[in-house]
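Here the structure comes first, spelled out in structure tokens, and everything after it is commentary.
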Amino acid sequence: MLACENLRHEYLSGGRRLSVLKDITFQLERSGFLAIVGPSGSGKTTLLGLLAGLDRPTGGRVVLDGVDLGVLDEDARARFRRQRVGFVFQAFQLIPTLTARENVQVPLELAGADDAGARADALLQRVGLADRSHHYPSQLSGGEQQRVAVARAFSTRPSVLFADEPTGNLDVANGAIVIDTMTALNTEYGTTLVLVTHDPELAALARRTIRLADGAIVSDTSK
């Protein structure tokens, strides 16, 4: 499902070239569940964005679901993400002028789904928000907003779901619901999961854990 080869990422700061990621190489099988962990500043979120095609690396390449992201222009990468990739942001990134139901419907409608409303309702039911479907993000708690974001990310049944600290801003109860939802959908639909997390309980559920330090892989363990 996912392969990155000699992935590097650098940027200029104050006239100096800083290396954020250094020769990251690994492969992940279809339906895998990978947690990427490490201290703040180790390059976890940068790596996640490169793997999802949200940014381009300085060097190396990412092959996702058989497609080399490096050969796609920005528009083609956006189409690819819409068709095959789900992404859960730590800051939720819901559209404030749309209800919970409408937020979940957006990717379905972009994909041309005839049953967008019914699928959105089913997913909101799944994350325990059926009675909040017509509320706007400002009317929802942080935990509820993240649950809507998870439902939206899974709405098109993507081949792979990337999540950046999906439980980072949540209390224990809402964090447990988010974790249960993602792991259940990984099992039921075979969706590949790649998560960046500081949550040891969430990392422990993954079948494989890659630990970064100073932009490099320092350990890669599987259960």
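Quick notes
- Between helix 100-110 and the chain: long-axis angle, C-alpha atoms, 0 to 90°, nearest 10: 60
- Considering only ALA203, SER219, LEU140, and ranking their Cα positions along the charge dipole of the range 108-223 that arises from unit charges at the beta-carbon of Lys, Arg, Asp and Glu, the one farthest toward the positive end is SER219.
- The range 1-91: trypsin sites (Lys or Arg not before Pro) falling in loop per DSSP and having at most 14 other Cβ within 10 Å: ARG30
- Toward the positive end of the charge dipole of the range 80-120, with +1 on the Cβ of Lys and Arg and -1 on the Cβ of Asp and Glu, the farthest Cα among ILE95, LEU110, PHE80 is that of PHE80.
- Taking the chain as a Gaussian network of alpha-carbon nodes connected by springs under 10 Å, the highest mean-square fluctuation of the residues SER19, SER42, SER159 belongs to SER19.
- When the chain is treated as a GNM with alpha-carbon contacts under 10 Å, the residue of GLY43, GLY112, GLY14 showing the greatest mean-square fluctuation is GLY14.
- For the chain, the Cβ-based charge dipole about the Cα centre amounts to some 380 debye (Lys, Arg positive; Asp, Glu negative; other atoms uncharged).
Read-outs throughout are calculated quantities, based only on the coordinates presented, and are distinct from any laboratory measurement. This one's a predicted model, so the numbers in the text were calculated from it and none came from an experiment. In this analysis, Cβ positions are derived from the backbone assuming ideal geometry, glycine residues included, and neighbour counts consider all displayed protein chains.
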